[in-house]
Amino acid sequence: MAIRRDDQGEGYDWQQAAACRGEHAVAFFPPPHFEPKDLRLARERRAKAICRTCPVMSPCLEAAIADREPHGVWGGLNEVERRQLADERSHHATGAAVAQHD
């Protein structure tokens, strides 16, 4: 995850406690050049291992989903995994709303 600046508002105070701050940040985002799949998977594994030790993993993931963060590992999930989770949540919410109207 990338640390957002204070101009993003108070809802991001949790970032001060993020385990990915500092030297680890490079593992959370792809390089600006082509990254072979095996290197990407290894980088993401490193990032996710850091996430598992993080005291703010849950708010990080929720912020990334809410912001539709398009890149990197946030809250222990990469962009594809976050999109899948958001889609599942949306599907369940839609199903619950339909069930309430029946």
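The values are calculated or read from the model by the stated rules, or taken from the named source; none is laboratory data. All values derive from a computational prediction rather than experimental measurement. Neighbour counts are summed over all protein chains in view; Cβ atoms, including those assigned to glycine, are modelled from backbone coordinates with ideal geometry.
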Conditions (1) among the aliphatic types (A, V, I, L, M); (2) touching a strand residue (DSSP E or B) at 6+ places or on another chain (Cβ under 8 Å); (3) at pLDDT 90 or above: number failed by residue 26:
(2)
Residues within segment 38-78 that are under 11 Å from residue 28 (Cα atoms) and not aliphatic (A, V, I, L, M), tallied:
13
Under the condition of being in contact (Cβ under 8 Å) with a residue 40 or more places away in the chain and under 22 Å from residue 88 (Cβ atoms), which residue from segment 32-68 is surrounded by the most Cβ atoms within 10 Å (Cβ to Cβ)?
60
For segment 9-48, name all the residues that are assigned to a loop (DSSP other than H, G, I, E, B) and on the phi > 0 side of the Ramachandran plot.
9
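Can you name the residue in segment 9-31 that is in contact with a helix residue (DSSP H, G or I) (Cβ under 6 Å, 6 or more places away or on another chain) and within 12 Å of residue 74 (Cα to Cα) and is also surrounded by the fewest Cβ atoms within 10 Å (Cβ to Cβ) among such residues?
Looking at residues that are in contact with a helix residue (DSSP H, G or I) (Cβ under 6 Å, 6 or more places away or on another chain) and within 12 Å of residue 74 (Cα to Cα), I get 19.
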